[in-house]
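The values are calculated or read from the model by the stated rules, or taken from the named source; none is laboratory data. Model, not experiment: these values are computed from the prediction. No Cβ is skipped: glycine too gets one built from the backbone with ideal geometry, and neighbour counts run over all protein chains shown. We work out accessible area using only protein heavy atoms, side chains counted, and drop any ligands, DNA or RNA first. Shrake-Rupley method; radii C 1.70, N 1.55, O 1.52, S 1.80 Å.
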Amino acid sequence: MNPVGKPGKTGSLMAVEVALARLLEMAEASPIRERECLPLAQVEGRVLAADLVSTLDLPPWPNSAMDGYALRVADWTGEPLVVSQKIFAGKAPGPLKPGTCARIFTGAPVPAGADCVEMQENAEVQADERVCFIEPMTPGQNIRPQGQETTVGELILPAGTRLGPIEQGLAASLGCAELEVIRKVRVAVLSTGDELLEPGQALGPGQIYNSNRVLLCSWLQRLGCEVIDAGILADDLATTRTRLGELKDVDLILSTGGVSVGEADFLGIALREEGELTLWKLAIKPGKPLTVGHFRGVPVIGLPGNPASTLVTFALLARPYLMRRLGVKEVEPLKFQVPAGFVWSKAGNRREYLRGRLENGRAIIYRNQSSGVLRSAAWADGLVEVLEDRTLVEGDWVSFIPLSEVLG
């Protein structure tokens, strides 16, 4: 078993961990504070704004974990017991008469005086309808105690929790009809490049369809963001300045393309001239020319234009930034180690994220890892992390990040 290894040298490029730490610091410096109260059915995917504290014990009374018979263990001397009452879920029982048992069903309150529930499979009903028990019993058996799950005043979900079906169900079990959540983060999505055309139009010479717009808008909506589609931006500095300046009432400007080194890097130029350039050129592949900064006070993240680069940098850097601005504490995706089912013979000076999937417990990778091949991600179910200065043979251990961890 080979170790996963340590990050290598990155030269003048910023390490992925450093870039993520900087982004999270930026996010924490400008949290979204506005709140809204929504019906419980509408909070899926939203972030809890205030601690959810229990206002009741759950369960509110001891109840039966089985269909069976409630009794006091000390009353059982080997002789059949008379059934003195039947207790259904949702009904309040009377106290148990001494020397008797009660027919009881799952979830029903245990009557006062009973200290045990014996499952019906271990009971024999006699001809005279008295019940004989055939196994030894102990006090507390098959009884869920009051407050087993929650007690009054207990913290159930802290502020910053992202709400999903389980959290919604838990809140419902405490009687909550609505929850206070952080308002949606407003994200403007820009695509840059004279070569881009929207699907449905006829391609001209040198043109390609804009896949990044659909990818990011759909992804952001899944994350619970309010999306402002700012369309395609032409490769022109004056137009870039004007369009960025129009996006005043958003929490983030998210662009794709126009961030590579060269004469067409109009986003970087605009940030340098009328804002701030915080991050530039990362030790990541695909996705090196990621740009982060501010334009007239509005945060800007410029993702590379190649589709696989857009996917990787949004998943690993932009998504955590957005979640932290909403107050989510745990923003990095789960990753776990699996043996490689491939050979990686050329060590690189950048952290690589290969589109791959698990087969028979091993990570295999798509045949073409070009940053322009989005099909690799559609084939994959995760990202395989290869650290800097690392080669691999089959069986070496690598980190695997399921796409399900970052898509929602």
* To do: Pick out which of L254, L179, L71 has the largest mean-square fluctuation in a Gaussian network model of the chain, springs linking Cα atoms closer than 10 Å.
  => L71
* Does the stretch 76-227 classify as rounded, prolate or oblate by the C-alpha gyration tensor (a ≥ b ≥ c root eigenvalues; a/c under 1.5 gives rounded; else a/b over b/c gives prolate, otherwise oblate)? -> prolate
* Structure fact -> When the chain is treated as a Gaussian network with springs between alpha carbons less than 10 Å apart, the largest mean-square fluctuation among P59, P158, P139 is found at P139
* GNM top mover of E273, E135, E167 - the chain, alpha-carbon springs below 10 Å -> E135
* Asked: ³J(HN,Hα) across the stretch 338-343 via Karplus (A = 6.51, B = -1.76, C = 1.60, θ = phi - 60°), whole Hz, x for Gly/Pro?
  -> 9, x, 6, x, 8, 10
* Would you mind checking which residues have amide H under 5 Å from L233's amide H? H placed 1.01 Å from N; only 5 or more apart, or other chain. => S191, T192, G193
* Structure fact -> In whole Hz, the Karplus estimates of ³J(HN,Hα) for the stretch 93-101 (6.51, -1.76, 1.60; θ = phi - 60°; x where Gly or Pro) are x, x, x, 6, 5, x, x, 10, 10
* Structure fact -> Rounded to the nearest 5, the percent of DSSP beta bridges in the stretch 1-159 running antiparallel is 75
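With a 1.4 Å probe and every protein chain kept in, tell me what percent of the accessible surface of the stretch 239-309 is carbon plus sulfur.
46
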* To do: Count the DSSP beta bridges whose two residues both fall in the chain, then state the antiparallel fraction as a percent rounded to the nearest 5.
  => 65
* To do: Could you work out how far apart the two model spin labels at E394 and T151 are, taking each label as a point 7 Å from the Cα in the direction of the beta carbon, and quote it in nm?
  => 5.7
* Would you mind calculating the relative contact order of the stretch 206-354 from Cα pairs under 8 angstrom and at least 6 residues apart, reporting the percent as a whole number? => 19
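When only Cα pairs under 8 Å and 6 or more residues apart are kept, what is the percent relative contact order across the stretch 60-111?
Once divided by the residue count of the stretch 60-111, the mean separation gives 51 percent.
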* Do you know the relative contact order of the chain, to the nearest whole percent, from alpha carbon pairs under 8 angstrom that are 6+ apart? -> 18
* **Average accessible surface area per residue within the chain, 1.4 Å rolling probe, Å²** => 47
* To do: Mind listing the long-range amide H neighbours of I104? Cut-off is under 5 Å, sequence gap 5 or more, other chains count too, H placed in the peptide plane at 1.01 Å from N.
  => G68, Y69, A70, I87
* To do: Evaluate the distance, in nm, between pseudo-label points positioned 7 Å from the Cα of D67 and of S404 along their respective Cα→Cβ axes.
  => 3.3
* Structure fact -> Under the rule rounded for a/c under 1.5, else prolate if a/b exceeds b/c, else oblate, using alpha carbon gyration tensor axes a ≥ b ≥ c, the stretch 207-285 is classed as rounded
* Structure fact -> Residue-normalised 222 nm signal for the chain, counting each DSSP H run of n ≥ 4 as -39,500 (n - 2.57), nearest 500 deg cm²/dmol, is -5000 deg cm²/dmol
* **Whole-Hz ³J(HN,Hα) from phi, Karplus 6.51 cos²θ - 1.76 cosθ + 1.60, for the stretch 59-72, glycine and proline x** => x, x, 7, x, 9, 7, 8, 9, 7, x, 9, 8, 7, 9
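Per the 1.4 Å probe, what fraction of the accessible area of the stretch 104-216, in percent, lies on carbon and sulfur atoms?
54
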* Placed amide H near I228: partners under 5 Å, 5+ positions off or other chain -> V187, A188, V189
* **Answer label, with Cα Rg over 2.2 N^0.38 Å calculated from the coordinates and candidates (i) 1.38; (ii) 1.15; (iii) 0.98** => (i)
* Structure fact -> Given a Förster distance of 45 Å, the FRET efficiency implied by the Cβ-Cβ spacing of T242 and K346, rounded to the nearest 0.05, works out to 0.55
* For the stretch 179-335, convex hull volume per residue from C-alpha positions, Å³ -> 128
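Computed over the Cα atoms, what is the radius of gyration of the stretch 279-408 divided by 2.2 N^0.38 Å, N being its residue count?
Numbers: Rg = 15.1 Å, N = 130, 2.2 N^0.38 = 14.0 Å.
Dividing the Cα radius of gyration by 2.2 N^0.38 Å gives 1.08.
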